[in-house]
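All of the numbers you see were taken from the coordinates with simple rules; none came from a lab. All figures in this text were calculated on a predicted structure; none of them were measured in a lab.
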Amino acid sequence: MTNQNFSQRNKSFRKLFLKSNITFSNNPINRLIGVQPENDKKILLKKLKDKISSISECKLKNNSNNIVFNDGNINSPIMLIGEAPGQKEDELSKPFVGEAGSLLNKMLSAINLNRKDLYITNVVNYRPPLNRKPDSNEIRRYSEFLLEHVDIIKPKIIILLGSTAMEAFFGSNLKISKERGIWKEMLIKDKTFLTMVTFHPAYLLRQNDQKKYSWIDLKNIRNKIDELKIDI
Ligand code: URA
């Protein structure tokens, strides 16, 4: 194409644009508006919460006052998963706000983590009657929601607090005393997540002598965060 042809073509394009409603700006277009990850996450979390709220024929839901869905930073690289809400959690609709929660906060600050920078949820989202452990059927039923939850948050590290969280991920044939402190990779919806099982703070409140193992696990978690250069 000659220079003359080229400039004529440009002129006719310009005319076309001037006739149309298209406007130009010197500012770059943000093509991600409306689909930014944080907005996406908020929408997906709301949908998941609504889905869990509409569960029917569930003894856990029937026994409780509120759904206990999450706490913390939805963009956190670290996700903590507990067992089930207790009385205080049910009252306040927030995980880990009772005695076990206070111990959890202390455990985290011992390795320089602040719970507000992490993301926290439970295997089941309703308080079981008399604070009993959720049974295997309940764990299985809620695991479907939990895996979806993990897929939305996409953390770099998942910490499973106690045997119920371990069962939700790895099935019921494992012993927590053997599995704790070991890093494992878990494939969820085509993505691999680094996970570690450790003792639940409520168990540590009853079994003071097990805290030494918990401390080993906590230091291990801190080392992994540093090794992977996770910004938190
Ligand atoms: N124990 C849990 O597993 N989760 C809570 O939210 C509180 C206590």
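Checking a compactness column here: for the stretch 37-227, what do you get for Rg(Cα) / (2.2 N^0.38 Å), N being the number of residues? Could you put the intermediate results ahead of the total?
On the way: Rg = 15.4 Å, N = 191, 2.2 N^0.38 = 16.2 Å.
The value comes to 0.95.
Please go through the residue pairs 88/116; 189/219; 191/224; 59/94; 178/212; 88/219 and name each one whose alpha carbons sit more than 24 Å apart in this structure. Numbers along the way, then the final one.
Numbers: 88/116 18 Å; 189/219 29 Å; 191/224 19 Å; 59/94 20 Å; 178/212 15 Å; 88/219 29 Å.
Among 88/116; 189/219; 191/224; 59/94; 178/212; 88/219, the Cα-Cα distance tops 24 Å for 189/219; 88/219.
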